[in-house]
Each structure stands twice: as C-alpha cells, then as structure tokens.
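Derivation of every value follows stated rules applied to the coordinates shown; laboratory data play no part. Note that the coordinates shown come from a computational prediction; the quantities given were computed from them, not determined experimentally. Here the Cβ is made from the backbone with ideal geometry for all residues, glycine too, and neighbour counts use every protein chain on show.
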Amino acid sequence: MKEAPAPRPGKGAALASWLNQRCACVTLDRAQLRKELRGDQHDGALIAMIEEARPHLFSETTLYVGERDLGRIRAFVAAHERIVALEGWQQMALSDAPSAASTPCNARSVFMGYDLHLGDTGPQLIEINTNAGGGLLNAVLARAQRMCCNATRFEAENDPTETAFIEMFRAEWAAVREDAPLRHIAIVDDAPAEQYLLPEFLLFQRLFERAGLSASICDPRDLSVSGGRLMLGGQAVDLVYNRSTDFYFDAPASAALREAWMRQRAVITPHPRAHALYADKRHLARLSDAAFLRSIGAADNDIALCLALVPETRRVVAADAATLWRERGDWFFKPATGFGGKATYRGDKLTRRVFDEIMAGNYVAQRHVLPAARVQCVGGEEVQLKSDLRAYAYAGAVQLFAARLYRGQTTNFRTPGGGFAAVEAIPDAGTD
C-alpha cells in the first residue's frame, strides 16, 4: 500500500487546470506546421499524407501543465533510472523475462515514454513504454505554436530538441561500438507503409540524412544476417531504430532482428533487455510498493517520488478475485505485456465474463486515475476531450513533453479536435 500523502498542486497547476477547462484558443499555426513538415519547397507529399489520411494526428490546441508538476515528473524519471540500475531490480526484472532479454548491452534505448494523467493531486503514472512514438512529430508541432489570448507563450526559437535526438542515437552507437563510424541507420517496423506514424518515419529519415547518415525504412522481413553483419539488401546496417512492438523478437518475421540482437551484429535500440527492465507493467506494482523498493536499496527520496507519482498497482491473482470484483470500480485492468491500450478495461465497465478472463490472464490492476479534461472548439462548439501527458526521456532525463487529446477509453487519433498536442508550462505565481 502507498504510505506517502500526495502533494498539493502548486498555483501553476491550478491555473493550468483553469486554462484547460476554459480556454479553447487555437494555438496551432497550420501554415508554420506545413513549413516545418516540408522537406523542400517542392515536396507536399508528407503534408498530404497527414492532412488527407491522418486528419486527427495533430490537435489545434495546447495542454497547459504546471511547471511544478513537470518538475516532479523530471525528478521521477531520474529516480526511476536510478532504481532500474540497482542490482536487485535487475535481478527481479530479468529473472522471468523472455530469453532475448538476457543479452547484455550498453545501449540505453532511445525514446522512453512515461505516460501520465494529471490527477487532482498531481501527475500520476499510467505506464512506461520503451518505443514511444511521436517524439519527432511533437518536436515539429511545438515549433508551430502561437500565443493564445491568455498570453501564454511558446519559446520554440533555436529549438535544440532535434539536435538532442541525433546526439542520443550517436550516444547509443558509441556506447556499444565506441569510436567506430556510424554510417547506416534502418528504421524498422512491421509493414511500415501501413503504419499510422509513417510520417514520423519519413521525418526521422530526413533528420538522419541531414546529419550525414544513410537512412532506410524497412520491414523486419527485409533484413538478413550475412558475413557477421545485419544486412538490408546489399547494404550493411549499423544501427536499427526499432519501432516494432514484437518486443522480444519472437515472431518469425523478426528472425533476422533476433539473430542480430542475440549475437550483437548491429546496435538495436530500443531493445528487448530494456523492455524487460522498464516496460513490463508488473513493474508498476513494484514501483508502488515501498517495502520492495527498500529491500533492493532504493534511496528514500526516490521511494517518496514513486509513492507520490505511481498509483497503487497490484498483480491480479486468483486469491484476490472476490475483492477485485467487489471493488472493481476503483481499478483499471491492463495486461502485463500489453501496449497501446489493447485489452485494457475500466473496472466499472466489466462484465463477469470479461472479469473471469482477466483473472485467468496475466494482468495488473491499477487504481483508476481519471484523465484531465481539455476543452476544445470543434465545428464551432466547445467539447470536452480527455488528455494524457507523455514525457519522452533518455538516460533518465526528459527531452520533451507532449500530450494526446482524445475521446473514448484510450488514445486513438480518431477524435475530431484530438491528436498530439503541444504542452505549455505554467509557472507558479512569483516565478519566471
């Protein structure tokens, strides 16, 4: 059980909540967004791909968040990194992980994603992902914002985010290959041309090429291992930017990736070991368990941050069936190895049949934290959307905050007015 009282929101958080519920300003400058997306003055393909086939990829509004809340998230991400580095955590996480996680690797894994809801007591962690999509799209989105009528401002000039992203990939390479030259990066996902976030793959390809690197987009089936190297056609692949959700390379389509990973024929990031250490949802139960954290030697300050930001989470076991059914309205059920909101259930919506299936599966139950509301003007009418906050992080440091606005149980990019949204920090009164 959680032992620490939740902190009271700061004044900046209160003002942010007021803005989110009352300010329906359009802050997205679509002309600037098109300029940011255009590779050159003759290229409208990427813009058309988004506007025609993905009209709800970007929201026109902003999510406001108190600077104090953002600071607490930054502190938690750093604390989580320290906890994961502990020998006791690694032994626990790897003890029953799939075999692919046993391969040691110095690469940290790019684009960790910490997804949170802004609860009444501050930010609350919903899940952690090791291949969080949208980082580059949101960096572009942040540069296409304008001031709203309430005089909040964006400071996107000389944005260092994309430079930091390139440095992150170079750091991954150097951690494994030291001073060997990095030449070719493959962006890999199943059927990439059919992926909703294909525009981001194309943006990454351009970003890598501007940095002097060769970059390809491919399906894992296109890869092979030959001569001790991972190959794409006749070209050696040095580094794989892995966007696949086959986290442990178990599927036949991932055979070349699995061989390359197990034998370290290429640098792969994110990778299976990182998923086992960070993203298994059973870890949410451990992060909300003070006794366990103390037993592995976590620092008191890090434990306090976990108790404040991680809602109580428990493994779903048969012995708790009666209690969980009786209290189901207080819980949100999610598969331990799931992603993207698949097979997740609000307890108050459960039928007995689905509950029995959950009890027979590998699930965790997390105290239900309602997502914060964000007012948006759609078709001339104000509507209330739900919001998630995401922190993109690397090596324990947050690189970028972004939001997702939606209707329904989980984010879906099908909601008019919804999609990725920029985040604006609101300072406490009397601070800059």
Proximal lysines relative to residue 349, as straight alpha-carbon distance under 18 Å, when same-chain residues fewer than 8 apart are discounted = 334, 386
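Which is the longest part of the chain that has none of the trypsin sites (Lys or Arg not before Pro) sitting in a DSSP loop with at most 16 other Cβ atoms within 10 Å?
Numbers: sites that count: 2, 38, 146, 153, 183, 263, 342, 407, 414.
Value returned for the longest uninterrupted segment is 39-145.
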request  = May I ask you to derive the relative contact order of the chain, considering only C-alpha pairs under 8 Å and at least 6 residues apart, and to give it as an integer percent?
outcome  = 26 percent
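Based only on other Cβ atoms within 10 Å, what is the fewest-to-most ordering of 200, 382? Before the final figure, lay out each step's value.
On the way: 200 20, 382 11.
The order, fewest Cβ neighbours first, is 382, 200.
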inquiry  = Classify the stretch 323-432 from the C-alpha gyration tensor, please: rounded if a/c falls under 1.5, else prolate or oblate depending on whether a/b exceeds b/c.
reply    = prolate
note = Each label sits 7 Å from Cα toward the beta-carbon; between residue 384 and residue 224 the label points are separated, in nm, by 5.8 nm
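Is the C-alpha gyration tensor of the stretch 158-206 telling us rounded, prolate or oblate? Criteria: a/c under 1.5 is rounded; beyond that, a/b larger than b/c is prolate, otherwise oblate. Show your work: numbers first, answer last.
Values: a/c = 2.98, a/b = 1.44, b/c = 2.08.
In terms of gyration-tensor shape, oblate.
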query = Which whole-Hz ³J(HN,Hα) couplings does the stretch 139-147 yield from phi under the Karplus relation 6.51 cos²θ - 1.76 cosθ + 1.60, θ = phi - 60°, glycine and proline marked x?
reply = 5, 5, 4, 5, 7, 10, 9, 10, 5
message = Under a crude label model (7 Å from the Cα following the beta-carbon direction), how far is residue 180 from residue 301 in nanometres?
response = 3.9 nm
message = Can you compute the charge dipole magnitude of the chain about its Cα centre, using +1 on each Lys and Arg Cβ and -1 on each Asp and Glu Cβ, nothing else charged? Give it in debye, rounded to the nearest 20.
response = 660 debye
ask   = Which Cα, out of 98, 293, 363, lies furthest along the positive dipole direction of the chain (beta carbon charges, K/R +1, D/E -1)?
value = 363
note = Taking only the alpha-carbon atoms of the chain, the convex hull volume per residue, in cubic angstrom, is 157 Å³
query = Sequence-distant or interchain residues sharing an amide H contact under 5 Å with residue 112, placed H: which?
reply = 393
key: Likely footprinting exposure, 224, 387, 59, fewest C-beta neighbours within 10 Å first   = 224, 387, 59
query = Can you run phi through the Karplus equation (6.51, -1.76, 1.60; θ = phi - 60°) for the stretch 287-297 and list ³J(HN,Hα) in whole Hz, with x for Gly and Pro?
reply = 6, 9, 10, 4, 4, 5, 4, 5, 5, 9, x
request  = Would you work out which of 392, 284, 423 lies farthest towards the positive end of the dipole of the chain? Charges go on Cβ: Lys and Arg +1, Asp and Glu -1.
outcome  = 284
